[in-house]
């Protein structure tokens with residue numbers, strides 16, 4: 001054990017003297033977290049309207065078409081954009097710049113007043129959730145308007161001057177603002193409501209932390225490469241120090257470095273970015289430690305494979321881009337298709353992201369991170385075995 005700790009302390013001293021260690025492990029992840037946060041609007045003071053953007057064209061210009069417009073404008077689901085031609089609306093919907101388009105045909109007001117059905121023109125892909133939402137809002141507004149007109153016509157016919165059309169019509173429309181039946185969506189009180197900036201940072205913070213932990217492996221791998229090039233490793237092998245002790249010494253140094261990096265960045269994320277890592281502190285520590293186990297094993301393998309410092313850098317940057325890219329460190333895997341999500345989980349970064357987001361976004365505790373942790377430990381064992389095999393079959397005998 002003493003020989004293992006001697007190698008570990010020697011590596012840590014070399015790593016802490018290198019400025020690149022702090023650049024990759026602390027400065028870069030913090031800088032890129034802010035960069036991606038600004039790009040994603042996490043630090044924007046102005047609120048973003050989440051409603052679906054829908055084109056609107058009134059070819060009737062009647063009082064009833066204006067009432068329909070006013071009702072649609074009050075929707076909590078869609079947001080109207082006006083002043084377009086029919087051809088322009090079709091083009092923008094086809095180009096996915098609009099979620100849909102609603103057009104009121106000429107003669108709509110006269111037809112509604114006379115009780116004759118006339119259809120609105122809807123341009124949308126109703127096979128998608130967005131298209132279905134636009135269709136539902138348009139249909140709801142049209143039904144409410146039609147029922148208000150019919151009610152006003154009937155009341156005027158029955159009561160005459162005691163219930164004039166305009167008065168009854170406005171009362172009927174106003175009644176729809178407080179319908180007798182409402183659907184209210186609720187969530188479990190165990191899950192705390194977060195604003196969109198915190199949600200964005202809850203993805204960006206662990207993503208950049210994991211990405212640059214892998215990038216920082218180049219510095220740790222270079223120590224092993226330098227040890228080999230200076231013949232220090234060969235001399236060490238002639239002593240009573242066993243190969244497994246050398247491996248564990250290097251591995252423990254990388255593990256301590258990565259785990260400390262995680263602890264510092266998690267603390268920064270909790271205090272400065274208000275990412276709720278400490279919602280389940282034991283789960284957060286478990287994900288951080290299993291992630292460090294996996295990434296450290298990768299650093300050990302890189303050190304065993306690389307023959308020069310340049311190779312160590314390349315072998316670190318390639319997995320950084322590949323694992324971070326497909327693992328959801330840049331773009332959430334939830335917004336991709338099932339196929340890409342399955343491919344993405346070939347990357348250990350995807351499992352680590354699942355673990356952290358299960359805590360910070362989904363409000364899950366220790367049980368919610370057991371599967372990601374098991375996957376990360378499995379990756380760590382596999383990569384460590386490969387590094388061990390490489391070391392025992394290498395030319396330093």
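Values quoted throughout were computed directly from the atomic coordinates according to the rules given, and no laboratory measurement underlies them. Being a predicted model, the structure only gives us computed values, none of them experimental. Cβ atoms come from the backbone with ideal geometry, glycine included; neighbour counts cover every protein chain shown.
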Original post:
Once Rh is set to the Kirkwood radius over Cα pairs, what Stokes-Einstein translational diffusion coefficient, in µm²/s, holds for region 204-324 at a temperature of 37 °C and a viscosity of 0.692 mPa s?
Top reply: 215 µm²/s
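Rounded if a/c is under 1.5, else prolate if a/b is larger than b/c, else oblate: which is region 295-361, with a ≥ b ≥ c the root eigenvalues of its Cα gyration tensor?
In terms of gyration-tensor shape, prolate.
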Original post:
What is the helix-to-structure angle for 348-360, meaning the angle in degrees between its Cα long axis and the longest Cα principal axis of the chain, kept from 0 to 90 and rounded to the nearest 10?
Top reply: 60 degrees
**OP:** Quick one: order 334, 135 by neighbouring beta-carbon count within 10 Å, fewest to most.
**Re:** 334, 135
**OP:** Report which label in [x] 25.5; [y] 21.7; [z] 26.4 holds the value of Kirkwood radius over Cα pairs in Å derived from the coordinates of this structure.
**Re:** [x]
Original post:
Cα axis of helix 309-326 to longest principal axis of the chain: angle in degrees, 0 to 90, nearest 10?
Top reply: 30 degrees
Original post:
When you count, for each residue, the other Cβ atoms within 10 Å and take the mean per peptide, how do 318-330, 61-73 rank with the highest first?
Top reply: 318-330, 61-73
Subject >> Extension gain (nm, one decimal) between residue 371 and residue 282, 0.36 nm per residue minus Cα-Cα >> reply: 30.5 nm
Subject >> FRET efficiency for residue 239 and residue 393, using Cβ-Cβ distance with R0 set to 25 Å, rounded to 0.05 >> reply: 0.75
Subject >> Mean Cβ neighbour count within 10 Å, used as a protection proxy, ranking 303-315, 85-97 highest first >> reply: 303-315, 85-97
**OP:** Could you work out how far helix 28-39 tilts from the main Cα principal axis of the chain, as a 0 to 90 degree angle to the nearest 10?
**Re:** 10 degrees
Original post:
What does the helix-only formula give at 222 nm for the chain: each DSSP H stretch with n ≥ 4 adding -39500 (n - 2.57), the total divided by the residues, and the result rounded to the nearest 500 deg cm²/dmol?
Top reply: -21000 deg cm²/dmol
**OP:** Alpha carbons only, please: Rg and Dmax for region 52-175, in angstrom.
**Re:** 15.5, 52
Original post:
How many angstrom lie between the C-alpha centres of region 289-345 and region 46-118?
Top reply: 48 Å
**OP:** Any chance you could check the Cα centroid distance between region 237-251 and region 1-40 for me, in angstrom?
**Re:** 23 Å
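Sort the following peptides by mean Cβ neighbour count (other Cβ atoms within 10 Å, averaged over residues), highest first: 138-146, 211-219.
Output ranking for 138-146, 211-219: 211-219, 138-146.
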